[in-house]
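Throughout, read-outs are computed from the coordinates displayed, never taken from laboratory work. Worth saying up front: this structure is predicted, and the values here are computed from it rather than measured. Quick reminder, even Gly has a Cβ in these numbers, built from the backbone with ideal geometry, and neighbours come from all protein chains shown.
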Amino acid sequence: MIDAKDKLSLGACTEEKPVDGETALGKPVVLFLCDGKHGASLMAAAVMKNKADSFFDIHCAYTTATMPTEQASKALIQFQISTAGIAPVPLSALTLEYVDYLVAVNPAAVQSGLPLPRYGKFVPWDVTENSDAGLVAVLRAVNQSINYFLSLYLFR
């Protein structure tokens, strides 16, 4: 808010520009990255959006050519979590140049050899290690990992 006592030239810009990966709202940018096989980055983004959307600017990407999102969406619906407003993109088409937190939800996500955006903190997870137990097990691992992430980075 500009007050009458503030001295601004007529050409001065009153809006602050984002610093590094922060959005115009000042939220840290979180990118969830997976290999695309289970849609784990979509699940992570949806759970994080459900729990802490007002604190983070949340994105998700995958390293494979395609990512089947239907099964991941069905697993999320069982827990009343929506994927609305979340658009997973292939890592090769990602337009973000910098993210505050790059969360690799499985090891294969960073073993693809594709270039990653610059990041402030790298957070490695392996939520797909129990993928043989089904997507609900992956979703539970995502939820536990996000709870831990929030306890470390949000409530410190």
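If I model a spin label as a point 7 Å beyond the Cα along the Cα-Cβ vector, how far apart are those points for Ser151 and Ser131 in nm?
Placing both labels 7 Å along Cα→Cβ, they lie 2.7 nm apart.
When all alpha-carbon pairs of the stretch 92-156 are counted, what percent fall beyond 13 Å? Please report the intermediate quantities before stating the final value.
Values: 1440 of 2080 pairs.
Roughly 69 percent, rounded to a whole number.
Given the Cα-Cα distance of Lys74 and Ser92 and 0.36 nm per residue of separation, how much length would full extension add, in nm? Please list the in-between numbers first.
Numbers: separation 18, 0.36 × 18 = 6.48 nm, distance 2.62 nm.
Extra length available between Lys74 and Ser92 comes to 3.9 nm.
Is the stretch 44-88 rounded, prolate or oblate when judged by the Cα gyration tensor, a ≥ b ≥ c being the square roots of its eigenvalues, rounded requiring a/c under 1.5 and prolate requiring a/b larger than b/c?
Oblate, since a/c reaches 1.5 and b/c is not below a/b.
Taking the number of other C-beta atoms within 10 Å as the exposure measure, put Thr128, Thr69 in order starting with the fewest. It would help to have the intermediate numbers written out before the result.
On the way: Thr128 22, Thr69 19.
By the 10 Å Cβ count, ascending, the order reads Thr69, Thr128.
Compactness ratio of the stretch 29-153: Cα Rg over 2.2 N^0.38 Å, N = residue count?
Details: Rg = 12.9 Å, N = 125, 2.2 N^0.38 = 13.8 Å.
For the stretch 29-153, the normalised Cα radius of gyration is 0.93.
Of the listed peptides 71-77, 141-147, 28-34, what is their order by residue-averaged count of other C-beta atoms within 10 Å, with the highest listed first? Mind showing how you got there, number by number?
Numbers: 71-77: 18.0, 141-147: 19.9, 28-34: 26.9.
Taking the mean over residues of other Cβ atoms within 10 Å, the ranking is 28-34, 141-147, 71-77.
What's the FRET efficiency of Arg118 with Thr64 using the Cβ-Cβ distance as r and R₀ = 22 Å, to the nearest 0.05?
Values: r = 22 Å, r/R0 = 1.02.
So, using R0 = 22 Å, E works out to roughly 0.45.
What does the C-alpha gyration tensor say about the overall shape of the stretch 52-122? Classify as rounded when a/c is under 1.5, otherwise prolate if a/b is larger than b/c, or oblate.
Numbers: a/c = 1.99, a/b = 1.33, b/c = 1.50.
Oblate is the answer for the stretch 52-122, as a/c is 1.5 or above yet b/c matches or exceeds a/b.
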